[in-house]
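As structure tokens, the structure follows; a few thoughts come after it.
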Amino acid sequence: AAILSQELTENFGTVRLDHRFSTADALSGTYMHDKASFGVPDPLNNTTFPNLTTRQLVAVEETHTFNQNFVNAFRAGFNRTAASVNVAGPALNPIAADTALGSAPGRPAPIIQVPGLTGTVAVGGNSFFDHAQNSFQVYDDAFVSRGSHSLKFGFAFERVQYDETGLRRQNGLFNFGSITNFLTNRPTNFFALDPTRSQQASIMTNIVAAYVNDSWRRKQVTVDLGMRYEMSTIPVERHN
């Protein structure tokens with residue numbers, strides 16, 4: 001039997017920049033990029049199913065000192081994560097690309113299930129999913145000192161967008177109840193969907209938060225009082 005191999009490649013990089021414009025203003029920025037490919041063969045080593053992932057992050061922060069008792073920090077960020085699961089990969093066996101064996105127009109051989117012989121064996125018909133999530137973020141934090149009081153207050157806002165496209169078992173699936181049925185070509189059932197149909201779900205939601213905190217110091221005693229409110233809007237689908 002052929003030895004099944006799995007291949008993983010990942011490239012990761014990050015850049016940070018800090019700059020002080022004056023004693024009152026400082027700016028910092030970060031960019032991160034992470035890309036990976038993970039290839040998995042089918043159980044019979046006929047073809048491969050690459051899984052592709054990409055993450056990107058951008059963050060910028062500006063700190064302004066109004067005076068020795070008042071400092072404000074403003075941050076903005078963007079985060080994107082994308083993944084493609086079970087992309088159609090190169091055929092290790094030429095027969096895996098032969099559309100003459102397909103049960104769906106223009107597709108190669110379907111998944112075959114034979115109890116006692118195979119699990120779910122797919123030549124090129126694993127379910128495909130495409131995921132993408134975007135996160136837009138804004139934060140503001142203020143620090144104020146007044147006598148024995150140290151105040152912190154601020155707000156946060158995040159908008160999350162999540163898209164998913166799914167194509168389930170696009171080559172179809174034959175299920176044989178036994179090895180005998182398989183050898184005599186008598187499937188017990190067949191599963192098929194239109195391979196040209198795919199539906200994208202696009203979910204959006206907002207997260208809003210605000211807080212205030214007071215740290216009061218008196219000789220050897222420190223008292224911290226704070227309150228935070230955070231809520232998420234009801235997720236909605238962009239296309240209803």
When the convex hull of the C-alpha atoms of the stretch 126-237 is computed, what volume per residue in Å³ does it have? 170 Å³
Solvent-accessible area, 1.4 Å probe, carbon plus sulfur percent, for the chain: 58 percent
With n ≥ 4 as the cut-off for DSSP H runs, can you work out [θ] at 222 nm for the chain, using -39500 (n - 2.57) per run divided by the number of residues, rounded to the nearest 500? -500 deg cm²/dmol
For the stretch 40-55, what does the Karplus curve 6.51 cos²θ - 1.76 cosθ + 1.60, with θ = phi - 60°, yield as ³J(HN,Hα) per residue in whole Hz, taken in order and with x for Gly and Pro? 10, x, 6, x, 9, 6, 8, 8, 10, 10, x, 10, 10, 10, 9, 10
Yeah, the chain with a ≥ b ≥ c from its alpha-carbon gyration tensor (a/c under 1.5 is rounded, else prolate when a/b outruns b/c, oblate otherwise) is prolate
Per residue, how much accessible surface does the chain expose to a 1.4 Å probe? Answer in Å², no decimals. 64 Å²
For the chain, size of Cβ-based charge dipole, Lys and Arg +1, Asp and Glu -1, in debye: 380 debye
With θ set to phi - 60°, apply the Karplus curve 6.51 cos²θ - 1.76 cosθ + 1.60 along the stretch 224-237 and write out the HN-Hα couplings as whole Hz, x wherever there is a Gly or Pro. 10, 10, x, 8, 9, 10, 9, 9, 10, 6, 5, x, 10, 9
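The values are calculated or read from the model by the stated rules, or taken from the named source; none is laboratory data. Everything quoted here is computed from the prediction, not taken from an experiment. Using ideal geometry, Cβ is built from the backbone for each residue, glycine included, and neighbour counts are taken over all protein chains shown. For the accessible areas, the whole protein counts, side chains as well, though only heavy atoms, and no ligand, DNA or RNA atoms are used. Shrake-Rupley method; radii C 1.70, N 1.55, O 1.52, S 1.80 Å.
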